[in-house]
Structures are given as C-alpha cells and as structure tokens.
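This report concerns only the one structure given below.
The values are calculated or read from the model by the stated rules, or taken from the named source; none is laboratory data. On a predicted model such as this, the values are computed, not experimentally measured, just so you know. Because the Cβ atoms are built from the backbone with ideal geometry, glycine has one as well, and the counts that use them run over all protein chains shown. Calculation scope for accessible area: heavy atoms of the full protein, side chains included, ligands and nucleic acids excluded. Shrake-Rupley method; radii C 1.70, N 1.55, O 1.52, S 1.80 Å.
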Amino acid sequence: MSVIELRNINKIFGNKISRVHVLKNINFSAENNQFNLVLGPSGSGKSTFLTIAGGLQKPTSGQVNIEGQPIEGLSSKDRDTLRLNKIAFILQSYNLLPYLTVKEQFVLVDKVKNKGNLDSSSLDSLLKKLGIEELQEKYPGELSGGQNQRAAIARALYTDPSIILADEPTASLDSDNVKEVGSLFKSLAKEQHKSIVVVTHDLRLVDFADKIYEILDGRMKLKE
Amino acid sequence: MFLALKEIKREKLRYGLIISMIVLIAYLIFVLTSLALGLAQENTQVIDSWHIKRIVLDKDSDINLSQSLITKKELSTFKLSRKDAYIGQASIVVKSKGNKKESAQFIGLDKHQFIFKNIKLLSGRKAASNREIVVDEQFKDDGYRLGEKVSFNSFSGKYQIVGFTKGAKLSVAPVVYGTLSAWKKMQSSRSDFKASAVVSQSSNFKAANSQLKSYSSGKFINQLPGYSAQNSTFTFMIAFLMIISLIVIAVFLYILTIQKIKNYAVLRAQGIPAKILVIATICQSAILVVSGLIIAALLTILTAVFIPTAVPMSFNLPILLSVAVGLIITGLIGALIPARIIVRINPISVIGE
C-alpha cells in the first residue's frame, strides 16, 4: 500500500487574468522503503506539490491519501495532529528555534507530543549516526550549515514519522554534506522503512534516490 | 512557559531592556498613585478622622466651608445629638519667634461635642481655654514645641500650643484645633455667628432652616477647592501611563514575534499547534510584566523608606496591588496582537524559501 498517494491533483491560484494553473493532473505515490526525488526548476510547482502532499494546503481538485486515508475532510487541528505524528517536514532553513539548544528542540517536541517519540537510546544512536552527538548543548547559531541541517533532520525524525517531506534540504550544503544527507535519507528509507520525498533542483542527490520524478510547468513525470 | 523562559534566558539583553522599560513605567505609576493618594488624603484627612456622614452649610456658600457662616438664629431650631457638632473654620497663618510661618486651617470646636472629645493626641493635652490650641504634627516637624506661644495673622493675642495631634490636615494644610469662642473672635464683622458648619455622624441629619442646606460628606469632599481637579489630573496621568505600558508591551512583543515568524511557520508545518506558541507569547508577556513589577515594587519600597515626610505620598498596599494587577492585565492585552499574528501564520509561507 502507498504511504502517500496523490490522485489527479490540480492546483489553480487566482482567477481570470491572474489565474495560474500550478499543478496539472498530478499522480504520485510513495511506498515505505523508498527515497523519492522530485526535481524541477524554480517556479515549476515543486513546493506547491510538497505542501499539498503534507496537508498544508488543499488542492483545487484531486485527492490526497495518507496511509490509505483521504485527508481532505480533516479539520485544521486534525491536520496538525497528522503532521505531528506521521509527517516530518525538513526545510532549507528556519528548522530550529534559535533560542533552544539542539537537545531542547527535542524537549519542545516532548512538551507537545509525549508519546511515540524516539526513546533516549534511539535518539542517541540517531545523533551519533548524524555525527552531532557532541553538539546537543549548542545553539543553532553556534553550528555550521551542515550541522544545522543534520540537527533539523534529527528533530524531524524524533517524532518517528512514517513520511519525511523535504524541501531543498541540501541547498546550502557543500558536496560532502550533500553526500551525508543523501546517504542518510537512503538509509532511513531502507533501514527504518520511511517514505522519503525530497523536492529539489539539486542534482547531487540523484545517485541516492530510488525513484526520480520531474516537474516542469506543473506536470509531473517519472524519469526512467 | 518552556519556550517563554528559554527565549528570555537566551536573549537576556533584549528582554532586560524591555523589563527596564516596564520597571520605569510601573515605578512611575506607583509613585504617581502614592502621590495622588497622599495629596487626596491631605485634602480630606481631618474630615475622614471625624467619620461624618452629613454636613450642613449656608446654602449660598457654594458647598465651600470657607464661605459658609451660620448665625445663632439659623441654628435656633437645631437640636444636636451626641453625633453632631459645630465647627468654625478659618484660614490662618501661624507665626512664632524662631519658626517659619505656617499656613493652616483653624477649626474651632465645642469641647462638649464629639469632634473635640475624639481628638487623638500624640503628646500634650486638649485645649482647656480659648487661648489654647492643639495642632497637627506638621508643626512639631517644623520646630514648634509644646507650650510655645504663637499668633495668627493680624489677630491680636497669643495662643499656646498645648497638644499635638496626628493626621489632621484639611486642603493640604495642617489643622489648628481651638475653641469655637476663639473662632468667633476671628469673625469680627458680626457677632451673631455661631459656626461655619454643623457636621453629623448620622446619615439622616437634615438642615432645619431654609437658609441652610445639608450635603453628604462625599459631595462636600468633592467640592473642596482643587480636590476633584487634582484627582482627575492624577487619574488621567495614571490611565495614560497604563495605555503607554500597553503600547510598549504590544509593540515589543509584536516586533519579537515578527522576527520569529519563519521559525513559527516551520513549527506550524511540523504540526506544533498555534495554541502552544500563543501560550508562550502570553507567558512571556506575563513574565516580563511581573518581573518589571517586582523590581518597581522594590524601588517603590526604597522610595517610601527614604522619602522626606514632607512629601505628601501615601503607600497604600491594596491600591498599589490593584494597580499592579491592572498592569498585568494590560500586559496580557498587549500580548493579544502578537497572539493574533501567530494564529494567522501560514506555514506555507516558509516552504520554498
């Protein structure tokens, strides 16, 4: 069963002269154990695709299913709960609160969701795997770009989500860090059975993905 | 609370400056409230000490004790009980050798009536003759001594201070208690005046003469020269300071929230409910205001300890506490604008950046 499925998705912004058809009849599905990469230039509709997939906005037409359940009827509060429990967002920046240490970012999650998060040994091994176990008492402002992004990934994985949606997660990283993040996404898919969807124009991630899609002018196609 | 405390701890300088602003505003409000209260008390202290409910004045006096003179004939139909008393009031300047002149309010009393009987002495005794007076403690603070002989304006003769009393001020001037006979001698134009007013501790006391009118003590106090204007001025100043504190808190929290809006958008995208962020903002406002109030209260206590007694300030705990509660409410209202921004944050705004 697809963990995340988009059927015949259309998204239109504005009307009459300002009408823009951003997504055109998009069909997409992602399984467990899969690292899906969605490539496209700026303005192609990548971010809109990601926000609809994550339930942050509604499509003009079409249906989004998460773990087989349609989400269009969910209230705003239920969508918050869905994202908190099942979907993790990793963005290009602003992922971490600047006045909380890396460790306190996890405490904040505990304050909101006190069940189903990683236990301390799982968190320790995740931080070790990400190479940031020594940085738990540091504030985001004291970390490099790569360290910040790895801490953001750890923060996103802390709620043990089944789906990880990432928007340009490697945009500000050097090639070594891109390799690390790419390998991490791949291992999360294979070893922890996560469904990973990354939208980006960064071709350096291509080697790590199981499936590669391309969005151009609002249309999506699977690259062979 | 977690987010609120962590942010304040991390951004000490920023929040320290906001707390300093709140301290200054709260301290100013406390001091002005105490000053307003002190001045109000010095206007009415002696009247409050009599615990009167009604006062009868000449109906043409414009509810002004200084302008009221009541004749024996007008009072002939009055039958006074032990809850009623005559008072004769005159504005005087007290002079003595070696001491500075003091503007004062002379209150002539009948020694058989309740006001005279209820005078609380700090030292000395009550007046036994027309040439003896009991004066407010301000005279003592200004160097006057028991047994000292003083004169009033251009009135002939000397009066001897035989006692000091506490909390006897009328229209911000110290009171000189003497006898009604002494007061009568000051009214040289006519000899048939009996008193300036009749006061009563009974709420049913009525003027038994068409030339006289009975007023409630509240109405009489409000008509004291300058009393209402002064209270209104202070009330407006305190209200404006409250509004300023509301704006200061709202503006600072608004700016801080705007700076955090992208982080909050990401948190919202990650499913953190807006309620958590709104509560953090309201807690932050409460922490800032309460911290500011605690420091301002300490400064106010220091002021109360070191301020000279001549400054008419009265530090009334219940009133200052209610002002503090008012400021906390103001702070919480100030947090509503940033709270509204947080509720309206669109998590999509940060995706694609």
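For this structure, a couple of remarks:
- Placing a pseudo-label 7 Å from each Cα along the Cα-to-Cβ vector at A:SER2 and B:ALA286 gives an inter-label distance of 4.7 nm.
- Residues A:GLU191 and A:HIS21, FRET efficiency given R0 of 41 Å [Cβ-Cβ distance, rounded to 0.05]: 0.55
- Shape of the stretch B:35-158, Cα gyration tensor, a/c cut at 1.5: prolate
- Span from the the stretch B:126-141 Cα centroid across to the the stretch A:58-104 one, whole angstrom: 82 Å
- Reducing the stretch A:171-224 and the stretch B:304-350 to their Cα centroids gives an inter-centroid distance of 51 Å.
- Of the GluC sites (Glu not before Pro) in the stretch A:57-154, the ones in a loop by DSSP (not H, G, I, E or B) with at most 12 other beta carbons within 10 Å are A:GLU72, A:GLU137.
- The aspartates and glutamates whose alpha-carbon is closer than 13 Å to the alpha-carbon of B:LYS120, local same-chain residues fewer than 8 away aside, are B:ASP136, B:GLU137.
- All-pairs Cα distance distribution in chain B, expressed in whole percent, bin size 20 Å: 25, 38, 22, 13, 2
- Computed over the alpha-carbon atoms, the stretch B:1-83 gives an Rg to Rh ratio of 1.44, Rh here being the Kirkwood radius from the mean inverse distance.
- Calculated on alpha-carbon atoms, Rg and Dmax of the protein assembly as shown in Å: 39.7, 122
- For the residue pairs A:LYS86/B:LYS275; B:LYS97/B:LYS140; B:LYS126/B:LYS213; A:LYS129/A:LYS221, the alpha carbons lie more than 22 Å apart in B:LYS126/B:LYS213; A:LYS129/A:LYS221.
- For A:ARG204, the accessible area of its heavy atoms, probed at 1.4 Å with every protein chain present, is near 90 square angstrom.
- Local charge for A:LEU127 was computed over the other residues whose Cβ lies under 15 Å away, with Lys and Arg +1 and Asp and Glu -1, and equals -2.
- Between the alpha-carbon centres of the stretch B:36-60 and the stretch B:71-112 there is a gap of 14 Å.
- Dipole size of chain A about its Cα centre, with +1 on Lys/Arg Cβ and -1 on Asp/Glu Cβ: approximately 860 debye, rounded to the nearest 20.
- Peptide ranges A:5-17, B:45-57 listed from the most packed, as the mean C-beta count within 10 angstrom indicates: B:45-57, A:5-17
- Rg and Dmax [Cα atoms of the stretch A:76-202; Å; Rg one decimal, Dmax integer]: 13.6, 39
- For chain A, modelled as a GNM whose springs connect Cα atoms under 10 angstrom apart, the maximal fluctuation among A:LEU50, A:LEU108, A:LEU91 occurs at A:LEU108.
- Assigned charges on the beta-carbon of Lys, Arg, Asp, Glu; the protein assembly as shown dipole about Cα centre (debye): 3020 debye
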